[in-house]
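Reading through the structure tokens given below for one structure.
The values are calculated or read from the model by the stated rules, or taken from the named source; none is laboratory data. Every value quoted in this text rests on a predicted model; they were computed, and no experiment measured them. Because the Cβ atoms are built from the backbone with ideal geometry, glycine has one as well, and the counts that use them run over all protein chains shown. Ligands, DNA and RNA are stripped out before the accessible areas are found, and what is left, the full protein with its side chains, is counted by its heavy atoms. Shrake-Rupley method; radii C 1.70, N 1.55, O 1.52, S 1.80 Å.
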Amino acid sequence: MSKGGCYNISKNTVPLQLPITFLKPVKRNTITHEFDSGSQAEILSPQESDEHLSEASKLLQQGIKQQQAGELIVAIKSLQQSLGLFQAVGDLQKQAQVLSFLGLVTYSAGDYKGTISYCQQCMSLSEETSNLALQMQALSHLGNAYRHLNNHQKAIEFLEKCLKITQQLQDKRSQVAALNNLGLVYKASGNFTQAIEYQQQSLEIVRELKDNWGEEQVLKNLGNAWYALNNYPKAIAYYEQCVVISRSLKNVRSTSQVLKNLGNACYALGDYAKTIKYYEDRLQLAKETQDKRSEEQSLGSLGVACEALGDYNKAITYYEERLQLARNIKDHRSEEQALASLKVACYALGDYAKAMQYQQETSPNNS
């Protein structure tokens, strides 16, 4: 798993890899009709059946490519059409696979109820065909979806079943995902100690596999769990390992997130010099990638850190940059925040005239 596409790293969740020929496992929504003796599969001629299978396979591959390209709506349509054709010929194994892929697409799209519906159907079919790999996949997505719906008890129940299958199959990559995702549920439920225990196990296995993409994600989650426990030194230790890997993978989004977390953790410890270093690194990255939102956030954070050091002149420089950028991108909320920060910093310096000037600039926006 050397490519980023193998793990869906959004939402801090590591989806399970399905041991089939497709690059990304995916899952789908609700299907209501059963395959009984009167189904269409019974009355198709062999030629029609071959045509249906060929078209269904093409649509499946098309849906997978669309999902990988981030075209989730069209991916769902292609996969639904594929599912219908596999239903027509009564191929239960392929139906279960398509349902699995559809589940991942709906999960990626944030349609967690849809994910649950597709996964439950996938579970029924995969139990019928004794396909443990697909059962594992369905359980994984069920657990992840229930976590997002804040049903932690059900999420844990499904992910623990998933973990048992990964161990039964001796599938270490999937164990990494199941352990990591269990950790996320326990963190969401406020049980940080249990969360760390699962994610530490996940980290050990992912390092055995030399999977940098997976390791980066697990390190970030461990940092987040320690941060939630207010253990900032441990959080920083994991974040620092994570940011090294993020940079080596050229994972800009993750690097930006972790630099922000590092700055926040150092600020919480009162290490303002290090705070500024990490925020400056994030600012530089934001400018290089033209990420205006991260740039605006970094400028604000740098101003606060400089104020904490008592360097109000430097703070004012950052706040003025933030103000200019906020106006350029027409972000009135950030503009007002920057003006308020400038007013406070100018008062701290004793520059009351400038403070009043910023006060006057703020007033019209508040009316």
Item to check | Angstrom value of the Kirkwood radius, inverse mean 1/r, which spans all Cα pairs in the range 157-257 | outcome: 13.6
Checklist outcome for this item: Under the rule rounded for a/c under 1.5, else prolate if a/b exceeds b/c, else oblate, using alpha carbon gyration tensor axes a ≥ b ≥ c, the range 238-367 is classed as oblate
Next on the checklist: Just to be sure I understand, if you calculate semi-axes √(5λ) of the Cα gyration tensor in Å for this structure, which of (1) 32, 26, 20; (2) 38, 23, 18; (3) 48, 24, 16 do you get?
Outcome noted: (3)
Item to check | Where trypsin sites (Lys or Arg not before Pro) in DSSP loops with at most 14 other Cβ within 10 Å are excluded, longest remaining stretch of the chain | outcome: 4-209
Item to check | Restricting the range 299-367 to chymotrypsin sites (Phe, Trp or Tyr not before Pro) in coil, as DSSP defines it, with at most 10 other Cβ within 10 Å | outcome: none
Item to check | Heavy-atom accessible area per residue - the chain, 1.4 Å, Å² | outcome: 46
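Relative contact order of the chain: what whole-number percent is it, with Cα pairs under 8 angstrom and at least 6 residues apart?
10
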Checklist entry - What is the gain in length, in nm to one decimal, between residue 65 and residue 353 on full extension, counting 0.36 nm per residue of separation less the C-alpha to C-alpha distance? => result 97.7 nm
Next on the checklist: In whole percent, and with a 1.4 Å probe on the protein chains, what portion of the accessible area of the chain is carbon and sulfur?
Outcome noted: 48
Item to check | Cα centre as origin, Lys/Arg/Asp/Glu Cβ charges: the chain dipole, Debye | outcome: 700
